[in-house]
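> So that we are looking at the same thing, I have put the structure below in structure tokens.
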Amino acid sequence: MTPLPCILLIDDDQTNNFLNQNLLNRLGVAERLLVALDGQEALAQLREHCAPPTPTCPTLILLDVNMPGMNGVQFLEAYQHLPLARQRTIVILMLTTSLHPRDVERVEQLNLVNGFVSKPLTAQKVAELLHTYFGQALPSG
């Protein structure tokens, strides 16, 4: 498996971020992990790492929905205004415990999210998303 250049975790829960970082590091799925505590911080990270595109521009975003400040849906609304080239190269997955039907409808209308992954993130879920979205498998062992 070739590690992804960069993954961006967007979640206000420090414990979730810690656990997800440990899991992703243990699995060796990314050369670099970026963390943002809300949508505004995530947009700043994207501007820093993707304009112009650098090797640290995320290829995968794991996005929480419910966050104080700029939540996941608001992030997507702002993200859609970034240059189209960036939108097409980044896989966005909603990582959440539950979604309000109104949020699901809005996310689907934006047509930016590649899929939904339920919390907690596990090695099996990571393996499935790597296979589905990147055609890769976790290293065995």
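> Given that just one value was derived from the coordinates, which of (1) -0.24, -0.29, -0.43, -0.69; (2) -0.42, -0.50, -0.65, -0.87; (3) -0.50, -0.54, -0.63, -0.82 is log10 I(q)/I(0) by the Debye sum over Cα atoms at q = 0.09, 0.10, 0.12, 0.15 Å⁻¹?
(1)
> How much mean residue ellipticity at 222 nm does the chain get from its helices, if each DSSP H run of length 4 or more adds -39500 (n - 2.57) and you divide by all residues, to the nearest 500 deg cm²/dmol?
Numbers: 6 runs with 62 residues, N = 141.
Roughly -13000 deg cm²/dmol at 222 nm, from the helical runs in the chain.
> Let me ask another. Grab the Cα-Cα distance for Ala127 and Gln14, subtract it from 0.36 nm times how many residues apart they are, and report the gain in nm with one decimal. List each step's numbers first, then the result.
Numbers: separation 113, 0.36 × 113 = 40.68 nm, distance 2.32 nm.
Between Ala127 and Gln14, full extension yields 38.4 nm more.
> Moving on. Taking Cα pairs under 8 Å and at least six residues apart, what relative contact order does the stretch 7-134 come out at, in percent?
Details: 169 pairs, mean separation 29.6, N = 128.
For the stretch 7-134, the relative contact order is 23 percent.
> Taking amide H atoms as placed 1.01 Å from N in the peptide plane, list the residues 5 or more away in sequence, or in a different chain, whose amide H sits under 5 Å from that of Ala30.
So Ala30 has HN proximity to Leu4.
Read the figures in this text as sums done on the coordinates, not as results from a lab. Everything numeric in this text was worked out from a predicted model, so none of it was measured.
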